[in-house]
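Written out below as C-alpha coordinates is the structure these notes cover.
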Amino acid sequence: MSWPEDAYTELTGKPPIRIEIDYSGRFKGYNANVRYTRYKMEFRLARNWEGVDEDIQKGLLQHLMCRVLKLKEDTLNIRLYEEFLRQSSNYAPKGESDPYLEERFAVLNDEYFAGMMDQPTLTWGRASTTKLGSYEYATDTVKLSTILADDEDMLDYVLYHELLHKKHKFSCSNGRTHHHTPAFRADEKKFWLKDAEEKLRTFVRKKKQKKKSWWNW
(Lines give C-alpha, C1' and ligand atoms only; values in the text may rest on other atoms or scores of the structure.)
Protein backbone atom coordinates (compact mmCIF):
# COMPACT_ATOMS: atom_id res chain seq x y z
CA MET A 1 0.00 0.00 0.00
CA SER A 2 1.39 3.43 -0.96
CA TRP A 3 1.58 6.22 1.61
CA PRO A 4 -1.32 8.21 0.04
CA GLU A 5 -3.55 5.13 0.21
CA ASP A 6 -2.37 4.52 3.76
CA ALA A 7 -3.38 8.12 4.60
CA TYR A 8 -6.93 7.36 3.45
CA THR A 9 -7.22 4.01 5.23
CA GLU A 10 -5.77 5.33 8.48
CA LEU A 11 -8.16 8.28 8.47
CA THR A 12 -11.38 6.52 7.41
CA GLY A 13 -10.85 2.91 8.49
CA LYS A 14 -11.99 1.84 5.01
CA PRO A 15 -10.19 -0.11 2.26
CA PRO A 16 -7.96 2.08 0.08
CA ILE A 17 -9.28 3.79 -3.03
CA ARG A 18 -7.35 5.07 -6.02
CA ILE A 19 -5.38 8.19 -5.14
CA GLU A 20 -3.47 10.37 -7.61
CA ILE A 21 -1.09 13.21 -6.75
CA ASP A 22 0.02 15.90 -9.18
CA TYR A 23 2.62 18.51 -8.23
CA SER A 24 1.60 21.63 -10.12
CA GLY A 25 3.38 24.88 -10.86
CA ARG A 26 0.01 26.65 -10.99
CA PHE A 27 -0.09 26.93 -7.19
CA LYS A 28 1.90 29.36 -5.06
CA GLY A 29 3.52 28.58 -1.73
CA TYR A 30 2.12 25.40 -0.20
CA ASN A 31 -1.39 25.52 -1.62
CA ALA A 32 -3.26 22.38 -2.64
CA ASN A 33 -6.71 21.10 -3.52
CA VAL A 34 -8.56 17.82 -4.05
CA ARG A 35 -11.23 16.45 -6.38
CA TYR A 36 -12.90 13.19 -5.52
CA THR A 37 -15.48 10.61 -6.48
CA ARG A 38 -16.63 7.51 -4.68
CA TYR A 39 -13.71 5.50 -6.07
CA LYS A 40 -10.91 8.02 -6.61
CA MET A 41 -9.26 11.12 -5.13
CA GLU A 42 -7.12 13.48 -7.19
CA PHE A 43 -4.80 15.80 -5.25
CA ARG A 44 -3.04 18.75 -6.81
CA LEU A 45 -0.18 20.12 -4.71
CA ALA A 46 2.12 23.08 -5.26
CA ARG A 47 5.59 22.13 -6.46
CA ASN A 48 7.05 23.21 -3.12
CA TRP A 49 5.53 20.08 -1.58
CA GLU A 50 7.84 17.79 -3.58
CA GLY A 51 10.71 18.36 -1.18
CA VAL A 52 8.65 18.05 2.01
CA ASP A 53 8.77 14.96 4.21
CA GLU A 54 6.12 12.37 3.32
CA ASP A 55 4.78 12.34 6.89
CA ILE A 56 3.87 16.03 6.51
CA GLN A 57 2.44 15.51 3.02
CA LYS A 58 0.37 12.67 4.45
CA GLY A 59 -1.04 15.12 6.99
CA LEU A 60 -1.93 17.53 4.19
CA LEU A 61 -3.83 14.81 2.34
CA GLN A 62 -5.66 13.81 5.51
CA HIS A 63 -6.52 17.46 6.20
CA LEU A 64 -8.07 17.79 2.74
CA MET A 65 -9.84 14.45 3.14
CA CYS A 66 -11.42 15.66 6.37
CA ARG A 67 -12.74 18.73 4.58
CA VAL A 68 -14.33 16.96 1.62
CA LEU A 69 -15.56 13.92 3.58
CA LYS A 70 -16.79 16.15 6.44
CA LEU A 71 -14.80 14.24 9.05
CA LYS A 72 -13.68 15.56 12.43
CA GLU A 73 -10.58 13.45 12.88
CA ASP A 74 -7.17 14.22 14.30
CA THR A 75 -4.01 12.30 13.49
CA LEU A 76 -0.32 12.73 14.22
CA ASN A 77 0.26 13.50 10.55
CA ILE A 78 -2.40 16.22 10.52
CA ARG A 79 -0.75 17.81 13.55
CA LEU A 80 2.64 17.65 11.79
CA TYR A 81 1.12 19.33 8.73
CA GLU A 82 -0.51 22.07 10.80
CA GLU A 83 2.72 22.84 12.64
CA PHE A 84 4.63 22.87 9.33
CA LEU A 85 2.16 25.38 7.89
CA ARG A 86 2.30 27.56 11.01
CA GLN A 87 6.09 27.74 10.75
CA SER A 88 6.30 28.04 6.95
CA SER A 89 6.33 31.84 7.06
CA ASN A 90 9.62 31.70 8.98
CA TYR A 91 11.51 30.34 5.99
CA ALA A 92 9.49 31.71 3.09
CA PRO A 93 11.64 33.66 0.58
CA LYS A 94 11.00 37.40 0.74
CA GLY A 95 9.46 39.05 -2.29
CA GLU A 96 9.58 42.69 -3.35
CA SER A 97 7.39 44.96 -1.23
CA ASP A 98 5.64 48.22 -2.07
CA PRO A 99 7.59 51.16 -0.54
CA TYR A 100 4.48 52.90 0.83
CA LEU A 101 3.25 49.71 2.47
CA GLU A 102 6.70 49.24 3.97
CA GLU A 103 6.36 52.69 5.55
CA ARG A 104 2.96 51.84 7.03
CA PHE A 105 4.26 48.49 8.29
CA ALA A 106 7.14 50.23 10.09
CA VAL A 107 4.69 52.54 11.88
CA LEU A 108 2.42 49.67 12.95
CA ASN A 109 5.36 47.48 13.93
CA ASP A 110 6.69 50.13 16.30
CA GLU A 111 3.24 50.95 17.71
CA TYR A 112 1.80 47.46 18.26
CA PHE A 113 4.60 44.90 18.01
CA ALA A 114 7.46 46.72 19.80
CA GLY A 115 9.36 46.72 16.51
CA MET A 116 9.90 42.95 16.83
CA MET A 117 7.87 41.64 13.89
CA ASP A 118 9.78 40.58 10.80
CA GLN A 119 8.40 42.35 7.77
CA PRO A 120 6.36 40.12 5.46
CA THR A 121 6.16 40.72 1.74
CA LEU A 122 3.72 43.62 1.29
CA THR A 123 1.87 43.98 -2.01
CA TRP A 124 -1.23 45.52 -3.57
CA GLY A 125 -3.96 43.33 -4.98
CA ARG A 126 -6.96 44.32 -7.07
CA ALA A 127 -9.36 47.20 -6.40
CA SER A 128 -11.69 44.92 -4.49
CA THR A 129 -14.47 46.06 -2.17
CA THR A 130 -15.16 42.50 -0.96
CA LYS A 131 -11.67 41.23 -0.15
CA LEU A 132 -9.77 44.07 1.45
CA GLY A 133 -6.76 42.10 2.58
CA SER A 134 -5.22 38.68 3.01
CA TYR A 135 -2.26 37.02 4.68
CA GLU A 136 -0.74 33.88 3.18
CA TYR A 137 1.22 31.87 5.75
CA ALA A 138 3.16 29.80 3.24
CA THR A 139 4.67 32.79 1.43
CA ASP A 140 4.55 35.27 4.35
CA THR A 141 2.72 37.76 2.15
CA VAL A 142 0.16 40.46 2.94
CA LYS A 143 -1.93 41.60 -0.04
CA LEU A 144 -4.20 44.64 0.19
CA SER A 145 -6.96 46.04 -2.00
CA THR A 146 -5.90 49.19 -3.84
CA ILE A 147 -9.05 51.01 -2.69
CA LEU A 148 -7.34 51.38 0.70
CA ALA A 149 -4.73 53.69 -0.83
CA ASP A 150 -7.30 56.50 -0.56
CA ASP A 151 -7.56 56.38 3.25
CA GLU A 152 -4.47 55.85 5.38
CA ASP A 153 -6.41 55.09 8.57
CA MET A 154 -8.40 52.34 6.85
CA LEU A 155 -5.23 51.03 5.22
CA ASP A 156 -3.51 50.85 8.60
CA TYR A 157 -6.46 49.04 10.16
CA VAL A 158 -6.69 46.36 7.49
CA LEU A 159 -2.90 45.96 7.41
CA TYR A 160 -2.87 45.62 11.21
CA HIS A 161 -5.58 42.94 10.97
CA GLU A 162 -3.50 40.95 8.49
CA LEU A 163 -0.36 41.33 10.60
CA LEU A 164 -2.27 39.81 13.51
CA HIS A 165 -2.72 36.69 11.36
CA LYS A 166 1.07 36.54 11.06
CA LYS A 167 1.44 36.97 14.83
CA HIS A 168 -1.23 34.53 16.01
CA LYS A 169 -1.12 31.98 13.16
CA PHE A 170 -4.13 29.69 13.62
CA SER A 171 -5.42 26.90 15.84
CA CYS A 172 -7.13 23.64 14.89
CA SER A 173 -9.75 21.53 16.64
CA ASN A 174 -12.24 18.88 15.50
CA GLY A 175 -11.02 19.13 11.94
CA ARG A 176 -11.65 22.88 11.74
CA THR A 177 -9.14 25.71 11.43
CA HIS A 178 -9.67 28.80 13.59
CA HIS A 179 -8.02 32.05 12.50
CA HIS A 180 -9.86 34.65 14.59
CA THR A 181 -9.18 33.32 18.08
CA PRO A 182 -10.05 35.20 21.30
CA ALA A 183 -6.41 36.31 21.55
CA PHE A 184 -6.60 37.63 17.98
CA ARG A 185 -9.80 39.58 18.70
CA ALA A 186 -8.33 41.00 21.91
CA ASP A 187 -5.33 42.36 20.01
CA GLU A 188 -7.55 43.66 17.23
CA LYS A 189 -9.36 45.87 19.74
CA LYS A 190 -6.06 47.57 20.63
CA PHE A 191 -6.06 49.51 17.37
CA TRP A 192 -6.21 53.22 18.15
CA LEU A 193 -9.35 53.90 16.11
CA LYS A 194 -12.04 52.38 18.35
CA ASP A 195 -14.84 52.52 15.79
CA ALA A 196 -12.58 51.24 13.01
CA GLU A 197 -14.96 48.48 11.89
CA GLU A 198 -17.85 50.90 11.49
CA LYS A 199 -15.70 53.41 9.63
CA LEU A 200 -14.39 50.65 7.38
CA ARG A 201 -17.92 49.54 6.50
CA THR A 202 -18.84 53.15 5.67
CA PHE A 203 -15.69 53.56 3.59
CA VAL A 204 -16.41 50.40 1.59
CA ARG A 205 -20.07 51.32 1.12
CA LYS A 206 -19.11 54.68 -0.37
CA LYS A 207 -16.62 52.96 -2.68
CA LYS A 208 -19.32 50.59 -3.89
CA GLN A 209 -21.75 53.47 -4.47
CA LYS A 210 -19.14 55.43 -6.40
CA LYS A 211 -18.35 52.42 -8.56
CA LYS A 212 -22.05 51.83 -9.25
CA SER A 213 -22.58 55.50 -10.15
CA TRP A 214 -19.65 55.37 -12.55
CA TRP A 215 -21.10 52.37 -14.38
CA ASN A 216 -24.52 54.05 -14.58
CA TRP A 217 -23.11 57.28 -15.98
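Values as computed for the structure displayed
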{"item": "Residue in the stretch 151-164 that is assigned to a helix (DSSP H, G or I), among the hydroxyl-bearing types (Ser, Thr, Tyr) and in contact with a Leu (Cβ under 8 Å, 6 or more places away or on another chain) present", "result": "yes"}
{"item": "Enumeration of residues in the stretch 106-136 that are in a loop (DSSP other than H, G, I, E, B), surrounded by 14 or more Cβ atoms within 10 Å (Cβ to Cβ) and either not aromatic (Phe, Trp, Tyr) or not assigned by TED's automatic domain parsing to the domain that holds Phe170 (or both)", "result": "Met117, Gln119, Pro120, Gly125, Ser128, Thr129, Leu132"}
{"item": "Candidate set from the stretch 76-97 (those that are over 22 Å from Leu64 (Cα atoms) and among the charged types (D, E, K, R)); member that is farthest from the chain's Cα centre (by Cα)", "result": "Glu96"}
{"item": "Residue within the stretch 49-59 that is at pLDDT 90 or above and touching a Gly at 6+ places or on another chain (Cβ under 9 Å) present", "result": "no"}
{"item": "Any pair with Cβ under 7 angstrom, 6 or more apart, that starts in the stretch 137-150 at a residue that is of a type in the set (D, E, K, R) and ends at one that is part of a strand (DSSP E or B)", "result": "Asp140/Thr121; Lys143/Thr123; Lys143/Gly133; Lys143/Ser134"}
{"item": "The stretch 8-33, residues that are closer than 22 Å to Ser88 by Cα, out of contact with any Asp or Glu (no Cβ under 7 Å at 6 or more places or on another chain) and surrounded by 16 or more Cβ atoms within 10 Å (Cβ to Cβ)", "result": "Ile21, Phe27, Tyr30, Asn31, Ala32"}
{"item": "So Arg185, is it without any contact (Cβ under 8 Å) to a residue 12 or more places away in the chain, assigned to a helix (DSSP H, G or I) and more than 30 Å from Glu73 (Cβ to Cβ)", "result": "no"}
{"item": "Out of Glu103, Glu20, Glu42, sole residue that is more than 22 Å from Phe170 (Cα to Cα) and assigned by TED's automatic domain parsing to the domain that holds His179", "result": "Glu103"}
{"item": "Inter-residue pairs, beta-carbon under 8 Å, first in contact (Cβ under 8 Å) with a residue 12 or more places away in the chain and in the stretch 191-206, second outside any helix (DSSP H, G or I), 6+ apart", "result": "Lys199/Leu193; Leu200/Leu132; Phe203/Asp151; Val204/Thr129; Val204/Leu132"}
{"item": "Output for the stretch 37-83, where each listed residue is out of contact with any helix residue (DSSP H, G or I) (no Cβ under 8 Å at 6 or more places or on another chain) and surrounded by 15 or more Cβ atoms within 10 Å (Cβ to Cβ)", "result": "Arg44, Ala46, Asn48, Leu64, Asp74"}
{"item": "Test set (1) modelled with pLDDT under 90; (2) over 17 Å from the mean Cα position of the chain (by Cα) - Arg44 fails condition number", "result": "(1)"}
{"item": "Tally of residues being without any contact (Cβ under 8 Å) to a residue 24 or more places away in the chain and not aromatic (Phe, Trp, Tyr) across the stretch 29-45", "result": "6"}
{"item": "Given (1) modelled with pLDDT of 90 or more; (2) under 28 Å from Arg35 (Cβ atoms), index of the condition Glu103 fails", "result": "(2)"}
{"item": "Filtered residue count, the stretch 80-121, keeping only those that are of a type in the set (D, E, K, R) and within 26 Å of Trp192 (Cβ to Cβ)", "result": "7"}
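The values are calculated or read from the model by the stated rules, or taken from the named source; none is laboratory data. Because the structure is a prediction, the values reported are computed rather than measured. Note that each Cβ is placed from the backbone with ideal geometry, even for glycine, and that neighbours are counted across all protein chains shown.
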